[in-house]
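Asks: This is the structure I want to talk about, given as structure tokens.
Rule-based calculations on the coordinates, nothing more; no lab input. Bear in mind that the values here come from a model prediction, so they are computed numbers and not experimental data. Here Cβ is always computed from backbone atoms with ideal geometry, including for glycine, and neighbour counts include all displayed protein chains.
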Amino acid sequence: MSNKIKNPTPQSISIYASLVISMVILLLFGVFSVSKLVNFDFTEIIILFLSVFFTCYLVFSYFLKNYIYRKIKLIYKNIRSTKITGSENSKSIDLSNNVFQDVGEEVALWAENRNKEIETLKAMETYRRNFLGDISHELKTPIFNIQGYIHTLLEGGLYDEKINKKFLTRAANNVERLHFIVEDLEAISRLETGEMKLDVQTFGTRKLTEEVIEDLEMTAEEMNIELSFKEGADQNFEVRADREKIRRVLMNLVVNSIKYGKIDGHTKIGFYDMDSYILIEVADNGIGIEKEHLKRVFERFFRADKSRSRKQGGSGLGLSIVKHITEAHKQTINLRSTYGVGSTFGFTLEKE
């Protein structure tokens with residue numbers, strides 16, 4: 001009962017208002033009857049009461065319906081992104097419903113969705129600014145280096161045997177770095193838009209990982225980092241995925257572990273059976289990642305240790321590509337890391 005009083009419907013408002021007016025008129029006629037000013041019997045008083053009640057109810061209902069409809073129509077014009085159709089425009093109001101509460105809830109929902117849209121747009125704008133700043137910095141460094149080497153050669157260094165070959169080699173290395181950045185950006189763009197199709201096939205996790213370890217052994221030897229399998233990773237699990245793209249995922253993760261590893265450290269790869277999926281983990285005992293950076297490691301160009309990672313080279317897009325490839329397979333990737341202890345990246349693949 002209290003809820004009806006707090007949140008009345010247009011129909012209940014009409015009934016209450018009509019009832020009050022009818023009672024007032026009935027009371028007045030009662031007073032007049034006592035004063036002998038009018039002379040009505042009981043039947044006539046009842047007929048008068050009902051007549052006044054229904055007349056007031058119809059009048060209140062009519063005006064409330066039109067008044068509320070105009071207000072609600074104005075609200076919907078402001079909050080709706082689509083044009084009101086002809087049927088909606090001529091749609092009447094059901095007075096038995098709590099129109100005010102329904103509209104209030106819809107406006108509150110609209111406001112909540114609008115706030116979410118605004119927050120999303122702000123986040124995207126911040127990301128766009130950061131991305132433009134990051135990519136400008138990444139491209140500027142090799143371009144500046146190439147420019148310096150070429151100008152030195154043009155100003156006479158080309159004929160100096162002590163520097164000409166060295167500067168040409170360095171310029172070529174920076175051109176290669178630019179190529180890697182553009183190629184990786186193109187790969188991410190194609191993965192995001194769905195243009196890069198997956199060549200799904202069945203292959204063994206152990207065999208593919210052995211190939212990756214073999215390709216990166218010389219890179220790891222420069223820091224005396226041991227690449228090996230975890231205990232229990234002898235089984236060659238069969239999975240269904242794009243072999244070359246998963247190879248790239250493993251390459252990027254192992255390269256990342258070497259780049260941020262410790263001299264005389266190790267990187268270990270493990271496989272874990274999860275019923276319908278296989279979990280592949282790449283763990284190292286490197287420098288680790290500080291807690292505040294954990295949520296950003298898969299962002300484009302994000303580098304927790306910028307000075308070290310730029311010195312090591314690369315496009316700065318490796319982990320972002322890893323994330324996009326795993327998501328393209330409708331799988332997940334996770335990270336556990338403790339600063340000064342090491343990091344473990346894990347991703348799942350569908351088991352054959």
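Asks: So if each residue of separation counts as 0.36 nm, and I subtract the Cα-Cα distance between Leu154 and Leu121, what length gain in nm does that give?
Replies: 7.1 nm
Asks: Say R0 is 22 Å: what FRET efficiency, to the nearest 0.05, do Asp215 and Asp264 get from their beta-carbon distance?
Replies: The value I calculate is 0.55.
Asks: Step through the residues of the range 243-255 one at a time and calculate ³J(HN,Hα) from phi using the Karplus curve (6.51 cos²θ - 1.76 cosθ + 1.60, θ = phi - 60°), rounding each to whole Hz and writing x for Gly and Pro.
Replies: 4, 5, 6, 5, 4, 5, 4, 5, 4, 5, 5, 5, 4
Asks: Could you tally the net charge around Ala171, taking each other residue with its Cβ under 13 Å from the Cβ of Ala171, Lys/Arg +1 and Asp/Glu -1? Intermediate results must be reported in sequence, preceding the final value.
Replies: Values: positive: Lys165, Lys166, Arg170, Arg177; negative: Glu176.
Residues close to Ala171 contribute a combined charge of +3.
Asks: So, one more: Taking the Cβ of Lys122 as the centre, find all other residues whose Cβ is under 13 Å away and add up their charges (Lys, Arg: +1; Asp, Glu: -1).
Replies: With Lys, Arg at +1 and Asp, Glu at -1, the net is +1.
Asks: Here's something else I'd like to know. Which whole-angstrom value gives the distance between the alpha carbon centres of the range 312-352 and the range 252-282?
Replies: Rounded to whole Å, the Cα centres lie 9 Å apart.
Asks: Using the Cα centre as the reference, give the magnitude of the dipole from point charges on the C-beta atoms of the range 145-207 (Lys, Arg: +1; Asp, Glu: -1; all else neutral), rounded to the nearest 20 debye.
Replies: Its charge dipole is roughly 360 debye.
Asks: Separate question: Report the GluC sites (Glu not before Pro) located in the range 188-235 that are in a DSSP loop and have at most 14 other Cβ atoms inside 10 Å of their Cβ, or state none.
Replies: Filter output for the range 188-235: Glu195, Glu222, Glu231.
Asks: Dipole magnitude of the range 200-351 about its Cα centre, charges +1 at Lys/Arg Cβ and -1 at Asp/Glu Cβ only, in debye to the nearest 20?
Replies: Using only the charged Cβ atoms, the result is roughly 800 debye.
Asks: Place the peptides 144-152, 107-115, 264-272 in order of packing, highest mean first, counting for every residue the other Cβ atoms within 10 Å and averaging per peptide.
Replies: Packing proxy ranking, top to bottom: 264-272, 144-152, 107-115.
Asks: R0 = 35 Å: FRET efficiency of Glu112 with Leu294, Cβ-based, nearest 0.05? Display every interim value, and only then the final one.
Replies: On the way: r = 29 Å, r/R0 = 0.83.
FRET efficiency, Glu112 to Leu294: 0.75.
Asks: Amide H to amide H, which residues 5 or more places from Glu226 or on other chains are under 5 Å from it, using H placed in the peptide plane?
Replies: Gly265, His266, Thr267
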